[in-house]
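Trainee: Below is a structure I'd like to ask you about.
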Amino acid sequence: MASVAESAAQKDELRHDQWSQILRRPGPFAPDVDPQLDFHDLFSSKILVVGAGGLGCEILKNLALSGFRELHVIDMDTIDVSNLNRQFLFTEHDVGNSKASVAAKAIMRRIPSTTVIPFHGRIQDKSFDYYKQFQLVVCGLDSVEARRWINSTLVSIAKGGDFLPLIDGGSEGLKGQARVILPSITSCYECSLEMLTPKTSYPICTIANTPRLPEHCVEWAFLLEWPRVAVNNSENTKSSQEISLQDEGSLREETSVSLAPAFDPDIPWHVDWIVDRARARAAAFEINAQDIDRFFVLGIVKRIIPAVASTNAIIAAACCNEALKILTDCNPTLDNYMMFVGEDATYTFTFNLEKRSDCSVCGALTESYPFSKARPPLLSTLIHHYQTKYQLHSPSVSSTSGFPLYFSSPLPLQQATATNLSKSILDLISPSQQLVFTDKALTTSLYISLQEITDGP
């Protein structure tokens, strides 16, 4: 055992010795390099990798092979057979197991000098103190909501005095991007929401009445049928509704299941239920249902774009290069956004994404809303305006004096304040007061001042 440990230590020192050729050599960007630079402290920095999927596997491998000794990884997903074509740390024997745990074991088996500590769960399950222990966070997520959460968390930590850089990578087929976010200093993830690819949507009348494509049938089952049955089932005082689930056309034994109000694409029987209903809908309208299976449904409800392993490798390499530069200060870091486009030949472009002064996370959250006293807006109009602008979930609104105008939760307060939605804002508060918006998508309150404008002659 001692010889194995000594061999691992020698390999570790050899990797660091190779780094010395770069990090101990002066250059135009680092003229005052310390020739006695302590590599042990440098490569003992704690790094958190968020996501252990296609990007996460590459990032973990790159950081470990670079010589970093302590990595942590968070992922709430389990391994599916469809992951194996690009998530190379997993094998068929790992299907059904935690991605974070299996990835950690695979890295430590290959690179014994690196310790990888996994957490199988949601990023929201960890407190601020957990995140504060790291020197750097690298994200390889496929969820906009998860990115928004980790971004707002790190900005909040920065506002409290602890600085924690974030490197974010993402890929979509043959396209990808890598960016460096210095919370509260540079633009954050929320600043770039307008750059996101718009979701494909279909007219609700087509989905409900005249479907023509398999996609219409899936959207009908997901957007219309699931909520209808879920609500009916929740109001049913008897035992949970029995639903026959079919797996790839073969009838399985009837199982008693309870439809939860919230559809979860990570629960297999939820997806199977959508598949069955979409196939039945397609048959009723004489639409070819051959393509409607689990992967087809997940591609629609989760807006999944097929991943390409080589694109993941390119983006992960860019992210890890930035991690090395941030932690060693050997070269200037990315400023601050790199786009990779591989659809038409190969093209990369780097630019500075400017910080937005009206960003709901890192900007100043104060705005003015112009209105005419002759035609004052309804409270519902104001809520809809800012819900759309800031992509809020379920905002609650009060006045600066503390008077509740509309609370989205809990249910008793929602019911008590819902009547205010149809009232003029001037019937609820005076123009001298401000509206205060709160929402889980905001790291701080949004203050809206009412600005009266005069009508033309």
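The values are calculated or read from the model by the stated rules, or taken from the named source; none is laboratory data. None of the values given here were measured: they were computed from a predicted structure. Every residue, glycine among them, receives a Cβ derived from its backbone with ideal geometry; neighbour counts consider all protein chains shown. Heads up: the accessible areas ignore ligands, DNA and RNA and are worked out on the full protein's heavy atoms, side chains in. Shrake-Rupley method; radii C 1.70, N 1.55, O 1.52, S 1.80 Å.
Trainee: How do 121-133, 378-390 rank on mean C-beta neighbours within 10 Å, highest first?
Mentor: Ranked from most to least packed, the peptides come out as 378-390, 121-133.
Trainee: Using a Förster distance of 30 Å, how high is the FRET efficiency between Thr197 and Ser432, based on the Cβ-Cβ distance and rounded to 0.05?
Mentor: 0.10
Trainee: What part of the accessible area of segment 61-148, given as a whole %, is carbon or sulfur when the probe is 1.4 angstrom?
Mentor: 48
Trainee: Can you tell me the accessible area per residue over segment 100-183, all protein chains present, probe 1.4 angstrom, in square angstrom?
Mentor: Computed with neighbouring chains in place, this is 41 Å² per residue.
Trainee: When all C-alpha to C-alpha distances in segment 69-112 are sorted into bins of 5 Å, what percent of pairs does each bin hold, rounded to whole numbers?
Mentor: Taking every Cα pair in segment 69-112, the percentages come to 5, 23, 34, 23, 12, 3, 0.
Trainee: To continue, here is another question. For segment 83-182, what is Rg from Cα atoms divided by 2.2 N^0.38 Å, rounded to two decimals?
Mentor: After normalising by residue count via 2.2 N^0.38 Å, the value is 1.20.
Trainee: Using a 1.4 angstrom probe on heavy atoms only, work out the carbon and sulfur share of the accessible area of segment 351-457 in %.
Mentor: Of all accessible area on segment 351-457, carbon and sulfur atoms account for 53 percent.
Trainee: Another question, if that's okay. Sorted by packing (mean other beta-carbon atoms within 10 Å per residue), highest first, where do 327-334, 170-177 land?
Mentor: 170-177, 327-334
Trainee: With respect to the cross-link table entries Lys61/Lys126; Lys175/Lys302; Lys175/Lys355, which display a Cα-Cα separation exceeding 21 Å?
Mentor: Flagged as over cut-off: Lys61/Lys126; Lys175/Lys355.
Trainee: Extension gain Val144-Ala309, at 0.36 nm per residue separation less the Cα-Cα distance, in nm?
Mentor: Extra length from Val144 to Ala309 when fully extended: 57.4 nm.
Trainee: Grab every C-alpha pair in segment 363-427, bin the distances at 10 angstrom width from 0 up to the longest one, and report whole percents.
Mentor: Percent of pairs per bin, in order: 18, 54, 26, 2.
Trainee: Please give me, ordered by residue number, the GluC sites (Glu not before Pro) of segment 281-344 that lie in loop per DSSP and have at most 14 other Cβ atoms within 10 Å.
Mentor: Sites meeting the loop and neighbour criteria: Glu286, Glu343.
Trainee: Taking 7 Å along the Cα-to-C-beta vector as the label spot, tell me the Ser372-Gln290 distance in nanometres, rounded to one decimal.
Mentor: 5.8
Trainee: Also, I was wondering about something else. How much FRET efficiency would the formula 1/(1 + (r/R0)^6) give for Ala345 and Ser184, where r is the Cβ-Cβ distance and R0 is 41 Å, rounded to 0.05?
Mentor: 0.60
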